[in-house]
Amino acid sequence: MNHSVVIVGDAGRHWLGAESDEFARLIALWQRLWSECSALERYPLFVDVELASHFEYAEPREVDGGAGLAGLFSAAVEFTGRGRVVVLDLYSPLSLLILDDLLAVAASLDGGVLANARFPFGLRASLLDAALVARALEAGDLPVTAYDLEPYWLGSANFPQQELTSDELERIARRSRFCGVVLKDDVTRLDSLFAEGGERERSRLISRAGYLVDEEALRSERMGFWFERLGRNGSGAGEEPLVLLGGRIDGHCGVVLDVLYRRRSYRPVAVLDCSEHLFGRLVDGIPVVGSTEDLALVPDGFPLFAAAGDNFGRRELFARARALGKRFVSLFHPDASISPQVTLGEGVFVGAGAVINRGAELGDGVIVNSGAIVEHNCALEPFVHIAPGAQLAGRVRVREAAFVGIGSSVIPDIVIGRNCMVGAGTPVVADIPDSHTVRGQRPQMYMGRSDNIYLSRPQESAERTFLPVAQPTLPMLEKLTGRIQAIFETRMLSNFGAQCEELEARAARYLGVRHCVATTSGTTGLMMMLRILGGEEGGEVIMPSFTFGATGISAVWNNLVPVYADIDEHTFNLDPASVEARITPRTKAILGVHIFGNPCRLRALERIAAHHDIPLMFDSAHAFGSVWHREKIGCFGIAEVFSLSGTKVLTAGEGGLVATNDDSVAENLRLLRNYGAGADYNIIQWGLNGKISEFHAALAVEALALFDSLVARRLSFVQHYIDMLGEVPGVTFQRIEEHSVSVYKDLAIIVDETVTGVGRDELARQLADRGIQTKKYFYPPLHQMDAFSRFKRPGEELCVTERVADRVLCLPLFSHMSEQEVDIVSNAVREILSSEKSR
């Protein structure tokens with residue numbers, strides 16, 4: 001019986017270039033396959049002109065992106081109809097677009113899959129390769145033969161080439177699903193590949209690649225494989241292998257590497273970095289094998305060094321690593337002068353030309369940068385950073401996480417407080433209290449982290465008389481000047497100008513979705529989404545009652561009926577069991593809400609929606625930047641709607657974003673926000689004015705550039721609150737599941753009066769007397785509001801919702817507050833509760 005082989009190839013034309021060595025190796029592989037297939041009397045079909053031209057009996061068929069895919073599939077069906085084997089050229093991005101179809105053909109013919117693949121290090125297409133091999137394995141009982149294209153190359157000059165055995169490849173493919181992370185980041189290649197198809201075709205490819213993502217399995221497998229090989233190779237003579245935490249070659253990591261290359265005591269073998277664009281890349285020849293969140297995957301035999309200049313980031317890395325029992329090493333430039341009578345903690349860095357004299361004490365994670373001088377008997381507490389050229393006279397004490405800027409000078413016996421920042425060139429002649437900045441001679445309240453030059457803060461006195469429950473943290477006005485100038489020059493104030501387009505593109509990339517549609521508000525986005533889902537008047541939308549009024553308004557505005565489901569007492573999110581109990585034949589949608597940024601039980605809600613064939617969407621007003629199982633909120637349901645109002649972590653002043661992977665939903669949203677009008681002003685359907693202004697979009701673009709640092713700062717404050725109040729009887733915090741990350745748009749506590757002796761309202765009143773604003777959020781819940789109470793069904797119980805709403809209180813939290821202010825709030829809560837309880 002004759003067998004046929006379908007070879008899907010696009011590598012020659014678009015990726016490799018016909019004259020490249022890589023292309024020659026690819027041809028050699030296919031010649032090998034040709035020989036083996038010929039011996040088995042299987043007749044190949046090539047659908048790549050460049051590849052086909054190298055084989056005498058190949059039948060060339062050129063297939064391009066877009067409409068050509070249908071022809072490719074037809075050819076696959078035609079030729080596999082004569083046989084049983086499908087061969088995928090895994091260098092072809094087009095393989096992603098038709099993979100399911102080709103596997104289905106192979107399965108229907110009781111066939112198999114032949115694949116060439118490489119493990120994902122250094123080589124451009126390798127992540128994509130492994131994704132397709134793994135996907136083929138998941139398709140069913142299809143046998144897979146994996147061909148190794150060339151000797152395995154670890155991608156680092158520190159290691160020789162090594163063969164990747166078939167057993168290793170098969171083990172990797174079977175244990176994990178891999179994704180096109182490199183492909184997602186390789187926009188230049190995609191632009192070239194789909195020059196004809198344009199943005200839509202590129203988005204389609206990225207979306208399909210994203211469908212294969214299981215980043216946790218990818219990183220775990222990649223790191224395990226990497227360290228396993230390192231263990232087999234051993235270390236160089238006199239060099240202990242070292243893992244770097246932080247990979248900015250243009251930042252502190254570059255300085256650290258210079259010291260490592262000079263000292264030769266440690267050999268950097270791997271980098272962990274939280275920046276997704278670095279994953280799978282090389283930093284000065286050292287592979288970035290995972291995120292700093294993957295510290296648990298580093299074997300105990302590998303010491304660490306935190307190559308991060310930011311004090312708060314370094315402190316967080318130390319806390320994570322130490323919780324796992326990891327060890328840090330210290331690094332000293334050979335040109336530094338360090339007295340033998342100096343006390344040093346772990347993970348200390350001393351740069352070139354630095355001087356540290358007798359009796360000085362340096363805590364864990366301290367940086368004394370190039371040319372800095374630390375005189376006798378100085379004490380630098382953990383995570384202090386002394387910038388290049390700074391000079392500390394004798395007996396100076398610098399408290400934890402303070403930063404002393406370039407060229408600063410500090411006279412003897414000065415104390416610089418925790419989290420302080422001393423500006424460049426500043427002479428310090430008096431003690432500085434905690435959380436202050438000194439520029440010149442006048443101390444000012446320090447409202448941010450050590451990168452505070454990028455943040456604009458209110459001018460406030462050192463002593464606050466009023467602490468608000470929330471405040472927006474804004475970019476510096478200077479950062480916005482260029483954008484405002486461009487708006488004035490173009491006189492394009494709205495109608496989807498350059499700022500709006502940039503915001504939508506940047507937000508989509510950040511969230512990992514195909515479309516982000518900017519609107520005037522999150523409320524507008526919710527109203528339009530429910531309009532798109534349709535349904536006759538009186539249809540029902542299941543939602544929590546414990547939410548902001550806009551959630552309910554969006555349904556009523558569409559002549560739909562809110563149906564209230566109860567919540568989980570600990571997470572404050574929808575209880576899936578309550579949701580399922582509310583489903584009726586009139587249910588038109590399930591509208592989940594990520595309360596305060598805490599992700600819902602997404603898989604449970606997805607299963608319920610799929611089982612009942614009901615659309616699922618999310619009010620994600622609070623949750624921009626939140627994460628569920630390593631995926632950003634924004635990727636789930638038909639769409640997710642974010643708010644960019646002035647109280648949100650990411651703000652435009654006023655505005656909203658709707659994130660979706662559905663092309664038709666995005667198209668309808670863009671139509672509805674423009675009155676429902678097409679390009680010729682013809683009203684196609686009833687819409688509204690949902691267009692964000694260019695000024696608001698400009699603010700959001702600059703705010704997005706700061707977003708990750710703001711969230712990191714915010715999370716450190718939340719942890720500080722938990723440390724201060726977590727053991728107070730009768731006070732509990734919202735529970736965030738292990739696999740989730742909340743951005744904490746609000747920090748809520750539950751006050752149990754039966755334990756504390758004081759109720760939520762009384763606590764709020766006494767805090768207000770001390771100048772501390774709080775918020776009873778959400779109280780009352782929707783079903784107890786005048787406008788929404790009529791929708792509550794008779795006999796319908798919302799016991800948990802009412803219990804949480806009666807006891808919830810939000811404490812002050814904003815990204816530019818200080819730890820000292822967290823202390824003030826926490827101590828006030830403790831004092832009020834303890835004094836009431838003692839009565």
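Observations on the structure shown:
- Between residue 341 and residue 424, the distance separating the two model label sites (each 7 Å from Cα on the Cα→Cβ line) works out to 3.6 nm.
- Protein heavy-atom surface of region 330-440, 1.4 angstrom probe: 52% of the accessible area is carbon and sulfur, with nucleic acids and ligands not counted.
- Here's how it looks for residue 436: its modeled amide H is under 5 Å from those of 420, 421, 446, which are all 5 or more places away or on a different chain.
- Between the beta carbons of residue 413 and residue 803, assuming R0 = 45 Å, the FRET efficiency works out to 0.20 to the nearest 0.05.
- Here the simple spin-label model places points 7 Å from the Cα toward Cβ, and for residue 705 and residue 296 these points are separated by 3.7 nm.
- Taking 0.36 nm per residue of sequence separation and removing the Cα-Cα distance, the residue 769/residue 581 pair yields an extension gain of 63.3 nm.
- Amide H to amide H distances under 5 Å link residue 240 with 266, 267, where only residues 5 or more positions off or on other chains count and H is placed in the peptide plane.
- Over region 762-839, Cα pairs under 8 Å with separation of 6+ residues give a relative contact order of 38 percent.
- Local net charge near residue 254, Cβ-Cβ under 12 Å (Lys/Arg +1, Asp/Glu -1): -2
- Extension reserve of the residue 324-residue 488 stretch, reckoned as 0.36 nm per residue once the Cα distance is removed: 53.7 nm
- For the residues 434, 708, 566, a 1.4 Å probe over the protein chains yields an accessible-area ranking, largest first, of 708, 434, 566.
- Heavy atoms of residue 553: accessible area, 1.4 Å probe, square angstrom to 10: 80 Å²
- Placing dummy labels 7 Å off each Cα toward the beta-carbon, the span from residue 506 to residue 679 is 2.8 nm.
- Entries of 648/745; 632/691; 588/691; 632/775 with Cα pairs more than 18 Å apart: 632/691; 588/691; 632/775
- Accessible surface of region 477-705 [probe 1.4 Å, protein heavy atoms]: carbon and sulfur percent: 53 percent
- Accessible surface, region 770-839, averaged per residue in Å² (probe 1.4 Å): 45 Å²
- On full extension, the segment bounded by residue 724 and residue 248 gains 168.0 nm, given 0.36 nm per residue less the C-alpha separation.
- Summarising the amide proton neighbourhood of residue 573: residues at separation of 5 or more, or on other chains, whose placed amide H is nearer than 5 Å comprise 568.
- On the beta carbon distance between residue 790 and residue 264, with R0 = 51 Å, the FRET formula returns roughly 0.10.
- Probe 1.4 Å, accessible area per residue of region 330-440, Å²: 34 Å²
- What the phi angles of region 779-785 give under the Karplus curve with 6.51, -1.76 and 1.60, with θ = phi - 60°, is a coupling list of 9, x, x, 3, 5, 9, 7 Hz, glycine and proline written as x.
- Backbone HN-Hα couplings from phi across region 708-718 [Karplus 6.51/-1.76/1.60, Hz, Gly and Pro as x]: 4, 5, 5, 5, 4, 4, 4, 5, 5, 5, 4
- Distant alpha-carbon pairs in region 477-705 (separation over 21 angstrom), percent: 53 percent
- When both bridge partners sit in region 477-705, DSSP labels roughly 50% of those beta bridges antiparallel.
- In plain terms, if you count all Cα to Cα distances in region 330-440 and split them into 5 Å steps from zero, the share in each step is 3, 15, 26, 31, 17, 7, 2, 0 percent.
- Across the accessible surface of region 708-835, with the other protein chains kept in place and a 1.4 Å probe, carbon and sulfur atoms take up 48 percent.
- Surface calculation, 1.4 Å probe, protein heavy atoms: residue 413 sits at approximately 90 Å² accessible.
- Protein heavy-atom accessible surface, 1.4 Å probe, per residue over region 671-761: 43 Å².
- Accessible surface comparison of 286, 824, probe 1.4 Å, protein chains only, largest first: the order is 824, 286.
- Sequence of 714, 770, 793 when ordered by accessible area, the most exposed leading, probe 1.4 angstrom: 770, 793, 714
- Hz values of 3J(HN,Hα) by residue in region 330-337 - Karplus curve (6.51, -1.76, 1.60), Gly and Pro given as x: 9, 10, 10, 5, x, 8, 7, 10
The values are calculated or read from the model by the stated rules, or taken from the named source; none is laboratory data. Please read these numbers as outputs of a predicted model, since none were measured by experiment. Here the Cβ is made from the backbone with ideal geometry for all residues, glycine too, and neighbour counts use every protein chain on show. Remember, those area values only see protein heavy atoms, side chains included, never the ligands or the DNA or RNA. Shrake-Rupley method; radii C 1.70, N 1.55, O 1.52, S 1.80 Å.
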